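Here the structure is laid out as structure tokens; the discussion comes afterwards.
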Amino acid sequence: MPTENEIKNIRSEFFNNADLHFTVFDKDLNIIDINDSLLKYYHLDYNEIIGKNILEIGPDVKEKGLYDKYLEVIKTGNPIIIEDSLSHPKYGNQHNRLKVFKVGEGIGVTASNITELKDTISALELFSYKVAHDVNSPIASILGITDLALNEPNDTDELKMYFELVQESIKQLMDTLNQVNKTLRIQKGNTSLELINFKQIILDVKKSLAYLPGYNTIRFEENIEIITDFYFDKLIINSLFQNLIDNAIKYRKESQNDSRININVSRADNNFTKITITDNGIGIVTDLQKNIFKLFYRATNQASGSGIGLYTLRYGIEKLGGHIQFDSTENIGTTFTIYLPNQK
């Protein structure tokens with residue numbers, strides 16, 4: 001049988017390494033302990049969070065009814081399970097299943113992130129309709145254009161125009177199907193880990209986007225630290241830079257001549273790599289920021305898009321233990337910050 005100290009050490013290892021987020025509060029709902037999993041997920045410092053009251057870290061807990069429910073558990077000792085939704089401009093939309101139970105004179109709270117489950121349910125409701133629409137729309141356009149080309153007398157210039165329209169519709173169709181394939185591949189967990197060369201990936205992505213209107217007006221500022229031993233899913237890394245740089249170009253301020261995109265890659269704590277991509281574009285309206293990681297959501301009509309990219313990006317990053325957040329101010333610009341764990 002393990003000794004008492006060995007059992008304490010085992011409990012400590014379990015507490016800190018479990019995927020669930022554990023928080024222990026005293027009878028006044030001040031934090032007295034918190035596990036490493038939660039600290040890493042939100043990039044918090046243990047010494048800065050210990051001793052803080054729940055109202056300091058979650059000022060909306062009263063209006064959401066959580067505060068009174070926590071006090072009720074302290075009073076009665078009866079555990080409860082709550083589903084809580086969190087809409088945050090940095091962390092997007094999150095759904096957590098909370099179990100609250102008596103611990104000493106206070107309470108323990110375990111939080112299980114069920115965002116993926118909720119998102120999957122919502123995605124299934126939208127997926128068949130949206131994909132069918134986005135596939136059928138370009139196909140209908142192609143059929144209409146070819147019908148005109150076949151049934152009306154046309155000169156060479158008119159035929160060329162028809163072929164260009166067909167080509168554009170096919171590009172839309174291929175883009176939709178590629179995004180769907182990426183989403184399905186990542187959701188199935190078919191990850192392929194490779195040694196990542198950030199400079200080369202960023203260079204390749206920029207080359208692939210050079211055809212976009214406005215690309216030549218962008219000034220790129222890059223600070224890429226050489227990280228020689230970082231392993232991750234290359235498809236997700238490509239998707240990360242492809243989506244965020246593409247969006248920064250499309251949603252630039254078209255009236256200004258000093259559009260810029262800043263890209264920084266550096267080592268962070270706990271064997272993570274930190275990526276920031278900042279632009280000085282049109283930004284995202286505050287009321288819409290909570291929705292940008294939703295499947296098929298588009299915050300503006302300034303440019304075309306499928307509404308799949310950011311959803312797939314966040315899903316893939318979090319699937320491998322990473323995190324993505326952003327800050328945006330309308331008419332000022334947007335900064336995305338991504339933390340990726342080394343999968344070596």
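Kindly indicate whether LEU98 is under 20 Å from HIS323 (Cα atoms) and either of a type in the set (Val, Ile, Thr) or in contact with a Leu (Cβ under 9 Å, 6 or more places away or on another chain) (or both). Reasoning before the result, please.
Working: under 20 Å from HIS323 (Cα atoms): no; either of a type in the set (Val, Ile, Thr) or in contact with a Leu (Cβ under 9 Å, 6 or more places away or on another chain) (or both): yes.
Considered against the rule, which asks whether it is under 20 Å from HIS323 (Cα atoms) and either of a type in the set (Val, Ile, Thr) or in contact with a Leu (Cβ under 9 Å, 6 or more places away or on another chain) (or both), LEU98 comes out as no.
Looking at ASN262, ASN223, ASN271, ASN243, can you tell me which residue is polar (S, T, N, Q), closer than 20 Å to ASN342 by Cβ and either under 22 Å from the mean Cα position of the chain (by Cα) or outside the structural domain of LYS207 (by TED's automatic domain parsing) (or both)? Before you say what the answer is, go through the steps one by one.
Details: ASN262 fails: closer than 20 Å to ASN342 by Cβ; ASN223 fails: either under 22 Å from the mean Cα position of the chain (by Cα) or outside the structural domain of LYS207 (by TED's automatic domain parsing) (or both); ASN243 fails: closer than 20 Å to ASN342 by Cβ.
Among ASN262, ASN223, ASN271, ASN243, only ASN271 is polar (S, T, N, Q), closer than 20 Å to ASN342 by Cβ and either under 22 Å from the mean Cα position of the chain (by Cα) or outside the structural domain of LYS207 (by TED's automatic domain parsing) (or both).
Given the residues ASN35, ASN47, ASN16, which is the only one that is at pLDDT 85 or above and either of a type in the set (Val, Ile, Thr) or surrounded by 15 or more Cβ atoms within 10 Å (Cβ to Cβ) (or both)?
On the way: ASN47 fails: either of a type in the set (Val, Ile, Thr) or surrounded by 15 or more Cβ atoms within 10 Å (Cβ to Cβ) (or both); ASN16 fails: at pLDDT 85 or above.
Testing whether each residue is at pLDDT 85 or above and either of a type in the set (Val, Ile, Thr) or surrounded by 15 or more Cβ atoms within 10 Å (Cβ to Cβ) (or both) leaves just ASN35.
Provide a single number: the residues in the stretch 87-100 that are within 14 Å of PHE25 (Cα to Cα) and either in contact with a helix residue (DSSP H, G or I) (Cβ under 7 Å, 6 or more places away or on another chain) or at pLDDT below 90 (or both).
Within the stretch 87-100, residues that are within 14 Å of PHE25 (Cα to Cα) and either in contact with a helix residue (DSSP H, G or I) (Cβ under 7 Å, 6 or more places away or on another chain) or at pLDDT below 90 (or both) number 1.
Regarding PHE22, is this residue buried (at least 17 other Cβ atoms within 10 Å of the Cβ) and either touching a helix residue (DSSP H, G or I) at 6+ places or on another chain (Cβ under 7 Å) or not in a strand (DSSP E or B) (or both)?
Working: buried (at least 17 other Cβ atoms within 10 Å of the Cβ): yes; either touching a helix residue (DSSP H, G or I) at 6+ places or on another chain (Cβ under 7 Å) or not in a strand (DSSP E or B) (or both): yes.
Answer is yes for this residue.
Any idea which of (1) out of contact with any Phe, Trp or Tyr (no Cβ under 7 Å at 6 or more places or on another chain); (2) part of a loop (DSSP other than H, G, I, E, B) is the one VAL61 doesn't satisfy?
Condition (1) is where VAL61 drops out.
Hey, does the stretch 65-86 have a residue that's at pLDDT below 80, loosely packed, with under 11 Cβ neighbours inside 10 Å, within 28 Å of the chain's Cα centre (by Cα) and outside any helix (DSSP H, G or I)?
Residues of the stretch 65-86 that are at pLDDT below 80, as a first pass: 85-86.
Narrowing the set further to residues that are loosely packed, with under 11 Cβ neighbours inside 10 Å leaves none.
No, that holds for no residue.
Hey, any hits in the stretch 14-22 for a residue that's free of Cβ contacts under 8 Å to residues at least 40 places away in the same chain, touching a Pro at 6+ places or on another chain (Cβ under 6 Å) and more than 30 Å from TYR311 (Cβ to Cβ)?
Checked against the condition, which is being free of Cβ contacts under 8 Å to residues at least 40 places away in the same chain, touching a Pro at 6+ places or on another chain (Cβ under 6 Å) and more than 30 Å from TYR311 (Cβ to Cβ), the stretch 14-22 yields no hits at all.
What single numbered condition from (1) crowded, with 18+ Cβ neighbours inside 10 Å; (2) farther than 30 Å from LEU66 by Cβ; (3) at pLDDT 65 or above; (4) among the β-branched types (Val, Ile, Thr) fails to hold for ILE186?
(3)
The values are calculated or read from the model by the stated rules, or taken from the named source; none is laboratory data. Because the structure is predicted, anything quoted here is derived from the model rather than measured. No Cβ is skipped: glycine too gets one built from the backbone with ideal geometry, and neighbour counts run over all protein chains shown.
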